[in-house]
Structure formats: structure tokens, C-alpha cells
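This report concerns only the one structure given below.
Derivation of every value follows stated rules applied to the coordinates shown; laboratory data play no part. Every value quoted in this text rests on a predicted model; they were computed, and no experiment measured them. Here the Cβ positions follow ideal geometry from the backbone for every residue, glycine too, while neighbour counts run over all protein chains shown.
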Amino acid sequence: MNFYQKQLSEFTRDFYAGASTGIIVSSCMGSIAAMLVLMNGHGLAEMIQLGLIVVVCMWFNASVLAQLKAKFVFNSLILSLLVSTSFILVNIL
């Protein structure tokens, strides 16, 4: 069993704890990414980055609130964390 399957199985088994923790982590990472984007300016490129961060983080939050399947929520969490992390790295460097 690979790492993804193991984490998905654990997330599915304890869905509400994972979703609650995921909302906190996703929101914190998204806010850090948004802060770094806005520290670099307020131009069109920064607003597009900010919009993408907001959409992806809210996508995860909405999937939890809509009580979608655990695999979809888990994949949304991974996407949210990857997008936020990539924009953090892009705006730090």
C-alpha cells in the first residue's frame, strides 16, 4: 500500500477530524500565500495569483461543507496545500 492510499484510508476512517484539521491547515497556508502575494504588489499578476489561491482554498472548504465523498475532499486538500505552497515558494524567491 503506497503513501497516498494509506493517508486516504486514514482520512476516510476519521473523516471529521481530518476535515477539521484540513480546514485549519488549508486556511492558514492560503492566508500566508495571500499575504506574500500582496507584499509583492497590487498589480494584475498579483491579483490573478490571489484569486487562484482564494478559489482553491474555498473549493476545499466548500467540499467539506457539502459533505462530498472523502476521496474528493482529500484530493481537494492536497490540491489546496500544493497551490498554496507553490505560491509561497514563488513569492519568497
query = Can you tell which of V83, V73, V64, V54 is crowded, with 19+ Cβ neighbours inside 10 Å and either closer than 13 Å to M29 by Cβ or of a type outside the set (A, V, I, L, M) (or both)?
reply = V83
request  = Determine if segment 35-56 includes at least one residue that is without any contact (Cβ under 8 Å) to a residue 60 or more places away in the chain and touching a Ser or Thr at 6+ places or on another chain (Cβ under 7 Å).
outcome  = yes
ask   = Does S9 satisfy being over 16 Å from the mean Cα position of the chain (by Cα), of a type in the set (G, A, S) and more than 24 Å from V90 (Cβ to Cβ)?
value = yes
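Conditions (1) closer than 13 Å to S80 by Cβ; (2) part of a helix (DSSP H, G or I), marked per residue:
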| position | (1), (2) |
| --- | --- |
| K6 | no, yes |
| S9 | no, yes |
| V25 | yes, yes |
| M35 | no, yes |
| G41 | no, no |
| G51 | no, yes |
note = In the set S80, S31, S86, the lone residue that is of a type in the set (S, T, N, Q), within 30 Å of S9 (Cα to Cα) and in contact with a Cys (Cβ under 7 Å, 6 or more places away or on another chain) is S80
ask   = Say we look at segment 11-23 and pick out the residues that are assigned to a helix (DSSP H, G or I) and not small (G, A, S); which of these is farthest from V56 (Cα to Cα)?
value = R13
inquiry  = Need pairs with beta-carbon distance below 6 Å; first residue farther than 19 Å from N61 by Cα and within segment 76-93, second outside any helix (DSSP H, G or I); sequence gap 6+ or separate chains.
reply    = N91/N40
